[in-house]
Amino acid sequence: MSESAPVTKTIREIVGKPSVAIAAMLTGLQRADAHEFGDFEIDMSTFGVSLHPTVYEPVYKVDYEKPKTCYGCAATCTLMQLFNFTFTPDNIGNSYKRACALNVDGEDLDTFEAAMDCYRMGCPEQLFKYFGVADRFDDFMTAIGWEGQTDVAPKLGIWLKTGNWKDQIPEIEKHITTLESMGL
C-alpha cells in the first residue's frame, strides 16, 4: 500500500451500508456522464483502464499524441464518488494502483468492486455479504417484489450496461429507498 499513509479502515467501515454504496454508484455514474471526473468514460466491461481515445480505430488512425482516456464501470464510479477522487491513467489500470490511490486495502477493494459489479448485473447477494447483512437479503427481495428470484439473473430486474444504465435509474432509486427504509 501507500508508504505515506497506512490503511486504517475498510471500504465497508467508510461506507457503512448497501444503500450508501448504491446511492454513490448512481451519483458517480451521473457525475461521470456529465464529465465531472475529467477525461473519464463509462464502460461497464472494465473496473479501470486507460487507453488512447481512438484505440478502437485501425492502428493507423490511433492518435498517440492525444492524452489517454480513463474508462471504468459502475464500481469505479462508486469509488470516485465515495472518495471524491478522480482516477488518472497512472492509477486506474489495476486494483493495486486503485487501492494505493485511495489508500485502501487491495483485497478489500477487489471484494467491494466485485460486490458492486454483481449488484449492477442484478445479483445483489455479494453486496449484502460484503456489508455483513446477508441475513436481510430475503427481506429486501420481498420488499421490492422480487422474492423467489434466487435462481435467475438478473434477480433485481436490472442489468446496467454501458448504453442502458440511465434507463434503469428509477429501479435503482427504488432499491436505495427500500434499503434506507430497512436501515440498510
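The values are calculated or read from the model by the stated rules, or taken from the named source; none is laboratory data. Since the structure is predicted, the reported quantities are computational estimates derived from the model, not experimental observations. In this analysis, Cβ positions are derived from the backbone assuming ideal geometry, glycine residues included, and neighbour counts consider all displayed protein chains.
This table checks each residue for (1) under 29 Å from Glu173 (Cα atoms); (2) among the polar types (S, T, N, Q); (3) modelled with pLDDT of 95 or more.
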| position | (1), (2), (3) |
| --- | --- |
| Pro53 | no, no, no |
| Phe83 | yes, no, yes |
| Pro89 | no, no, no |
| Gly93 | no, no, no |
| Ala99 | yes, no, no |
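Checking each residue in the range 122-135 for being charged (D, E, K, R) and either closer than 13 Å to Ser19 by Cα or within 19 Å of the chain's Cα centre (by Cα) (or both) picks out Glu125, Lys129.
Is it the case that Thr150 is over 22 Å from Asp39 (Cα atoms), surrounded by fewer than 17 Cβ atoms within 10 Å (Cβ to Cβ) and modelled with pLDDT of 95 or more? Criteria not met by Thr150.
Residue count for the range 18-44, restricted to those that are polar (S, T, N, Q) and buried (at least 21 other Cβ atoms within 10 Å of the Cβ): 0. Just one residue in the set Glu125, Glu57 is modelled with pLDDT under 95, more than 21 Å from Ile14 (Cα to Cα) and among the acidic types (Asp, Glu); that residue is Glu57. Tyr119 fulfils the conditions (1) among the hydroxyl-bearing types (Ser, Thr, Tyr); (2) surrounded by fewer than 19 Cβ atoms within 10 Å (Cβ to Cβ); (3) closer than 15 Å to Pro18 by Cβ except for a single criterion, (2). Are there any pairs with C-beta distances below 8 angstrom linking a residue in the range 106-130 that is free of Cβ contacts under 8 Å to residues at least 12 places away in the same chain to a residue that is assigned to a helix (DSSP H, G or I) and surrounded by fewer than 20 Cβ atoms within 10 Å (Cβ to Cβ), with the two at least 6 apart or on different chains, and if so which? Close Cβ pairs (under 8 Å, with a partner that is assigned to a helix (DSSP H, G or I) and surrounded by fewer than 20 Cβ atoms within 10 Å (Cβ to Cβ)) amount to Cys118/Glu125; Cys118/Gln126.
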